[in-house]
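Participant: Before anything else, here's the structure in question.
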Amino acid sequence: MTDRLYYTDPYLRSFDATVRGIEQGGERVVVVLDRTAFYPTSGGQPFDTGTLAGLHVVDVVDREDGSIAHVVEASPATPDRHTRAPSIGDVVHGEIDWGRRFDHMQQHTGQHVLSAAFDRLFHVRTVSFHLGAEASTIDLAREMSAVEIAAAETEANRIIWEDRPVAIRFATKEDAANLALRKESLREGTLRLIDVEGFDLSACGGTHVARTGAIGIVASTAWERFKGGQRIEFVCGGRAQRRFRSMREALAASTRLLSVLPEELPGAIERMQTDAKDHKRTVAALQTELARYRADEIAAAAEETLAGRLVLHALDADANGLKALALAISSRPGHIVALVAPSSPALLVVARSADVSIASNEILASLTKTFGGRGGGKPEVAQGGGLNGSAQEILAAARARILESAAG
């Protein structure tokens with residue numbers, strides 16, 4: 001059993017402890033101590049990092065026997081030739097990565113306050129919590145509206161800015177049954193309770209700030225439906241500041257590029273989207289018109305075969321351009337067309353006239369089997385990309401496949 005110092009003092013940054021167990025595992029060593037300030041992954045909160053006996057702590061694991069295993073790298077955290085892996089009975093010094101720990105304290109306490117706000121305002125319970133590297137999430141029992149989420153966020157920040165005390169209490173399961181816990185605990189024995197004064201009382205083994213003001217701010221950043229309820233993403237404290245800074249820089253760059261004020265940005269983007277759609281339609285119409293003119297020129301060089309008038313041609317065009325030209329040629333009776341854009345890898349379109357029996361999609365499938373790539377379509381027209389071969393090789397293979405198909 002390891003004495004968990006973070007249970008009573010989450011602000012403890014360094015400590016000394018006696019080594020009770022050692023397990024060697026390649027480049028890493030597993031160390032068990034009589035006491036520790038390192039928090040293990042548990043309850044949705046990730047483990048602490050830092051140093052132990054001058055070695056990097058890269059994982060902390062809560063074991064079923066009540067001990068905590070510290071996974072450390074065998075190489076020293078600093079260039080100290082005297083640093084060595086600890087042995088059983090050694091007294092070692094531990095240092096917590098305080099930046100990571102305090103970030104986790106902000107996020108976890110912010111989660112308590114935000115979950116309590118949803119519960120108090122709308123009687124919606126939090127099903128689960130996850131503290132991620134960039135953002136955290138809570139899963140709610142039912143879907144919430146944007147107005148409800150904003151209201152809960154506002155209420156949570158009111159509690160944060162009132163700088164209420166956050167106390168650590170201990171109670172037996174029997175005593176806890178008579179307390180107004182936000183969520184019933186299934187744990188046996190003594191329960192550790194986190195008490196946000198006058199607002200939330202929850203059983204929790206995580207690390208938390210001493211006063212709500214240290215959370216700074218809680219901000220909901222996104223939400224989505226999840227398993228019949230809703231997943232809310234949020235950030236607190238330093239994470240909220242970094243998210244705001246990133247958004248501010250992105251907003252400043254966008255308004256500068258578009259020469260608009262911040263409040264004009266949505267309208268400017270909407271106009272750009274409309275213009276882009278109009279431009280796309282115009283380009284498609286011009287490609288179709290151009291294809292009609294080019295079709296005359298290319299179809300004039302068609303080869304008379306048993307399959308029909310065979311058109312094999314390589315030209316610089318995108319997939320839409322190839323398809324428009326192939327359809328313009330195959331709109332004439334008796335034609336089968338294979339057009340390649342000699343990019344690397346290559347694009348290919350195969351098309352046939354209505355009175356030709358050869359299936360374009362079968363020809364394409366045969367060619368992608370030979371040259372790689374992928375694609376699909378119908379007997380009338382098929383297109384693919386990612387073919388690895390020169391335009392001449394692909395067209396030669398297409399000619400052979402088409403003639404084989406006509407002969408078979």
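Participant: Just give me the residues in the range 226-242 being surrounded by 14 or more Cβ atoms within 10 Å (Cβ to Cβ) and in contact (Cβ under 8 Å) with a residue 60 or more places away in the chain, in sequence order.
Facilitator: Across the range 226-242, the qualifying residues are PHE226, GLY229, GLN230, ARG231, ILE232, GLU233, PHE234, VAL235, CYS236, GLY237, GLY238, ARG239.
Participant: For the range 127-163, which positions are among the hydroxyl-bearing types (Ser, Thr, Tyr) and either crowded, with 16+ Cβ neighbours inside 10 Å or in the same structural domain as THR41 (by TED's automatic domain parsing) (or both)? Lay out the reasoning, then the answer.
Facilitator: Taking the range 127-163 and keeping what is among the hydroxyl-bearing types (Ser, Thr, Tyr), we get 128, 136-137, 145, 154.
Correct list: SER136, THR137.
Participant: Could you list, in sequence order, all residues of the range 198-216 that are of a type in the set (A, V, I, L, M, F, W, C) and either under 18 Å from THR126 (Cβ atoms) or surrounded by fewer than 20 Cβ atoms within 10 Å (Cβ to Cβ) (or both)?
Facilitator: PHE199, LEU201, ALA203, CYS204, ALA210, ALA214, ILE215
Participant: Which one is surrounded by the most Cβ atoms within 10 Å (Cβ to Cβ), of the residues in the range 314-357 that are in a loop (DSSP other than H, G, I, E, B) and among the small types (Gly, Ala, Ser)?
Facilitator: ALA317
Participant: Here are some residues: ASP163, ASP175, ASP200, ASP119. Which one is in contact with a strand residue (DSSP E or B) (Cβ under 6 Å, 6 or more places away or on another chain) and charged (D, E, K, R)? It would help to see each step written out before you state the result.
Facilitator: On the way: ASP175 fails: in contact with a strand residue (DSSP E or B) (Cβ under 6 Å, 6 or more places away or on another chain); ASP200 fails: in contact with a strand residue (DSSP E or B) (Cβ under 6 Å, 6 or more places away or on another chain); ASP119 fails: in contact with a strand residue (DSSP E or B) (Cβ under 6 Å, 6 or more places away or on another chain).
Sole residue among the options that is in contact with a strand residue (DSSP E or B) (Cβ under 6 Å, 6 or more places away or on another chain) and charged (D, E, K, R): ASP163.
Participant: Do we find a residue being assigned to a loop (DSSP other than H, G, I, E, B), closer than 30 Å to ALA152 by Cα and touching a residue at least 60 places away in the same chain (Cβ under 8 Å) anywhere in the range 31-40?
Facilitator: yes
Participant: Tell me the residue from ARG63, ARG81 that is basic (Lys, Arg), surrounded by fewer than 21 Cβ atoms within 10 Å (Cβ to Cβ) and at pLDDT 90 or above, please.
Facilitator: On the way: ARG81 fails: at pLDDT 90 or above.
The unique qualifying residue is ARG63.
Participant: Residues that are without any contact (Cβ under 8 Å) to a residue 60 or more places away in the chain and farther than 26 Å from PHE102 by Cβ: does the range 7-23 have at least one?
Facilitator: Yes: one or more hits.
Participant: Could you list, in sequence order, the residues of the range 281-308 that are exposed (fewer than 15 other Cβ atoms within 10 Å of the Cβ), touching a helix residue (DSSP H, G or I) at 6+ places or on another chain (Cβ under 9 Å) and under 20 Å from ILE358 (Cα atoms)?
Facilitator: GLU303, THR305, LEU306
Participant: When you go through (1) within 19 Å of ARG192 (Cα to Cα); (2) crowded, with 18+ Cβ neighbours inside 10 Å; (3) touching a Phe, Trp or Tyr at 6+ places or on another chain (Cβ under 6 Å) one by one for ARG4, which number turns out not to apply?
Facilitator: Only one criterion is unmet by ARG4, namely (3).
Participant: Report whether or not GLU233 is in the same structural domain as ILE138 (by TED's automatic domain parsing), of a type in the set (Asp, Glu) and under 30 Å from ALA152 (Cβ atoms).
Facilitator: So GLU233 passes the test.
Participant: State all residues of the range 164-197 that are out of contact with any helix residue (DSSP H, G or I) (no Cβ under 9 Å at 6 or more places or on another chain) and either of a type outside the set (A, V, I, L, M, F, W, C) or buried (at least 18 other Cβ atoms within 10 Å of the Cβ) (or both); if no residue qualifies, say none.
Facilitator: We begin by selecting, within the range 164-197, every residue out of contact with any helix residue (DSSP H, G or I) (no Cβ under 9 Å at 6 or more places or on another chain); these are 167, 169, 171-181, 186, 195.
Within the range 164-197, ARG169, ALA171, THR172, LYS173, GLU174, ASP175, ALA176, ASN178, ASP195 meet the criteria.
Participant: Of the numbered conditions (1) surrounded by 15 or more Cβ atoms within 10 Å (Cβ to Cβ); (2) of a type in the set (A, V, I, L, M); (3) part of a loop (DSSP other than H, G, I, E, B), ALA365 satisfies every one except a single condition; which is it?
Facilitator: The failed condition is (3).
Participant: Filter the range 13-29 down to the residues that are crowded, with 16+ Cβ neighbours inside 10 Å and either modelled with pLDDT under 95 or assigned to a loop (DSSP other than H, G, I, E, B) (or both) and list them by number.
Facilitator: Result: ARG28, VAL29.
The values are calculated or read from the model by the stated rules, or taken from the named source; none is laboratory data. If you're wondering where the values come from, they're calculated on a predicted model, not measured in any experiment. In this analysis, Cβ positions are derived from the backbone assuming ideal geometry, glycine residues included, and neighbour counts consider all displayed protein chains.
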